[in-house]
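Taking it in order: structure first as structure tokens, then the write-up.
The values are calculated or read from the model by the stated rules, or taken from the named source; none is laboratory data. Because the structure is a prediction, the values reported are computed rather than measured. Ideal geometry is used to build each Cβ from the backbone, glycine not excepted, and the neighbour counts take in all protein chains shown. The accessibility values were calculated without ligands, DNA or RNA, using every heavy atom of the protein model including side chains. Shrake-Rupley method; radii C 1.70, N 1.55, O 1.52, S 1.80 Å.
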Amino acid sequence: MVPKYFSFLFLGFVTVWAVEKDVVELTDETFSHELEQHENTLVMFYAPWCGHCKRLKPEYAKAAEMLLGNDPPITLAKVDCTESGKDTCNKYSVNGYPTLKIFSRGDFINDYNGPREAAGIAKYMKAQVGPASKELTEESCLKSFLESDEVGVVGFFEKEDSPLATSFHAVSKKLKEKVRFAHTTAKSLLEKEGYKNTIILYRPKILQNKFEPSTVKYVESMGDIQEFINKNYFGIAGVRTRDNAGEFKNPLVVAYYAVDYVKNHKGTNYWRNRIIKVAKDFPKLNFAISSKDDFQHELNDFGIDFVKGDKPVILARNINNQKFVMKDEFSVDTFEAFLKDMETGALEPYLKSEPVPEDNTGNVKVAVARNFDEIVTNNGKDTLIEFYAPWCGHCKKLVPVYDELGEKLADEDIEIVKFDATANDVPAPYEVGGFPTLYWAPKNSKNNPVKYEGGREFDDFIKYIAKHATNGLKGYDRKGKAVKPKSDEL
């Protein structure tokens, strides 16, 4: 009898092999020769210790499996930059991991800047190597094209050089990384389908439902083709992933639950259909479904650490990016009531905020989301605000400088403020993309703060503040030089 330990070890080896078998391992010795054998190759340059590489590897392997048999062929390969592929990585100036590059018969084409999940990688590479629009010559070609879990857009044209066909091909080239396009001028196919000089957007079978048509027809009188595609691509409630999240605009309502079209498409559609049933009556709002596991960071931003049970959690943002949480357990009725209240402005926005400090008498004031207006916007003073993260090394280094600044300017018409941007919602119009981020907010122009881009030593701050202060400082001249106090007159 095989010991359990060895059984698990064997299963582990089988799993790794199954995952990696479709990805070609390249070395310095094999790189050039191997690539010459493949028409199109995506190469991942990686380091075994790299966390981002470890997260990408299973998605990369899934994408390689999805691309098997593609026409034209696409190969996925990898190079270990720490061992057998050092020279190759140096040759192609790889200085970060993972780095992905596209090759054709050994020739470097361009850097890969696409998605990092399996379906997105496969889709992006198909768009890179194939024609922007696939020509359909007979009925079987159309049938094959529509046997996909992705939206397809097909142009039916009597003449290849018609104005509509020309516009269609221009849009297909522009959107080829996002949308699957095909076209035909075959008379038999035009007659079979009953379309002439029109464009049809086909929803994949896996997303079809009784609340919206499975096809959407475009005719020339509709105007811009790209606008037509963008408007109809996701349907009433789109499947929002990490790669396409940026395409969904406010006002946006998102249902978070166990979205998984690979392992449980029926269960996924069970809840999506209930979302759509209500959403169809709210055309002014945009809707999406998202995997609660893939978007846990968004749930955290709404104060939700864990989603219990199977029912969707509903979170929303209005056109002003204010956040709203549906507090009731999901049902068709509670969802509809939530949307009505959101449209009428009856909901109270959710604000992620630390508690307001009980004692805020220090020289450096502490702002949180709930007291930001009091401490910054309406304080009647010129204000320097630091948006920081507790774990940020640069922020920690700035602490003594910032404290000294608060102390030296304590008697001035200046407020020195700090704000933990990881524990509080950053209010508009401030934008924080890294830490620390500093802003200067003049007392008479708080709606137009200026991002501070100067040095971070005490003298740098003093010179900046002295120059830009609305009223001159008592202790420093406009150049930031200390002013000696006047002697008392006799």
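Restricted to the stretch 73-184, the set of helices (runs of 4 or more DSSP H) holding at least 2 residues that are open to solvent by 10 Å² or more (accessible area, probe 1.4 Å), touching a residue at least 24 places away in the same chain (Cβ under 8 Å) and touching a Lys or Arg at 6+ places or on another chain (Cβ under 9 Å) comprises 118-129, 139-146.
As a summary of the residue check, His394 satisfies the conditions (1) of a type outside the set (Gly, Ala, Ser); (2) farther than 29 Å from Val483 by Cα; (3) touching a residue at least 40 places away in the same chain (Cβ under 8 Å); (4) surrounded by 13 or more Cβ atoms within 10 Å (Cβ to Cβ) except for the one numbered (4). Screening Asn269 against (1) within 27 Å of Asp149 (Cα to Cα); (2) part of a strand (DSSP E or B); (3) not β-branched (Val, Ile, Thr) leaves a single unmet condition, (2).
In the stretch 32-46, the qualifying residues are those that are touching a residue at least 24 places away in the same chain (Cβ under 8 Å) and more than 15 Å from Tyr60 (Cα to Cα), and the one that is most open to solvent (accessible area, probe 1.4 Å) is Glu36. Quick check on my filter: what residues within the stretch 206-226 are under 27 Å from Asn273 (Cβ atoms) and under 26 Å from the mean Cα position of the chain (by Cα)? Answer for the stretch 206-226, where residues must be under 27 Å from Asn273 (Cβ atoms) and under 26 Å from the mean Cα position of the chain (by Cα): Ile206, Leu207, Gln208.
Look at (1) of a type outside the set (S, T, N, Q); (2) open to solvent by 30 Å² or more (accessible area, probe 1.4 Å); (3) more than 19 Å from Leu175 (Cβ to Cβ); (4) touching a Pro at 6+ places or on another chain (Cβ under 8 Å) and you find that Lys266 fails only one, number (4). Being over 12 Å from Leu409 (Cβ atoms) and touching a Lys or Arg at 6+ places or on another chain (Cβ under 8 Å) is the filter; apply it to the stretch 470-479 and report the residue that is surrounded by the fewest Cβ atoms within 10 Å (Cβ to Cβ). The residue in question is Lys479. Residues that are of a type in the set (Gly, Ala, Ser), assigned to a loop (DSSP other than H, G, I, E, B) and either in contact (Cβ under 8 Å) with a residue 60 or more places away in the chain or in contact with a strand residue (DSSP E or B) (Cβ under 7 Å, 6 or more places away or on another chain) (or both) are absent from the stretch 47-62.
Counting only strands (runs of 3 or more DSSP E) that fall entirely inside the stretch 196-260 and contain at least 2 residues that are crowded, with 16+ Cβ neighbours inside 10 Å and modelled with pLDDT under 95, no element qualifies. In this entry, Glu29 is excluded by the filter for residues that are open to solvent by 40 Å² or more (accessible area, probe 1.4 Å), closer than 30 Å to Ser144 by Cα and either in a loop (DSSP other than H, G, I, E, B) or without any contact (Cβ under 8 Å) to a residue 24 or more places away in the chain (or both). All of Tyr430, Tyr388, Tyr464 fail the test of being under 36 Å from the mean Cα position of the chain (by Cα), open to solvent by 10 Å² or more (accessible area, probe 1.4 Å), of a type in the set (Ser, Thr, Tyr) and farther than 28 Å from Val356 by Cβ, apart from Tyr464. Figure legend. Inter-residue proximity from the stretch 437-451: first residues open to solvent by 60 Å² or more (accessible area, probe 1.4 Å) and modelled with pLDDT of 95 or more, second residues part of a strand (DSSP E or B) and not basic (Lys, Arg), beta-carbon distance below 6 Å, spacing 6+ or different chains. Indicated pairs: Val450/Trp440; Lys451/Tyr439. For the structure I just gave you, tell me whether Lys292 is open to solvent by 60 Å² or more (accessible area, probe 1.4 Å), over 23 Å from Glu212 (Cβ atoms) and without any contact (Cβ under 8 Å) to a residue 40 or more places away in the chain. It is false that Lys292 is open to solvent by 60 Å² or more (accessible area, probe 1.4 Å), over 23 Å from Glu212 (Cβ atoms) and without any contact (Cβ under 8 Å) to a residue 40 or more places away in the chain.
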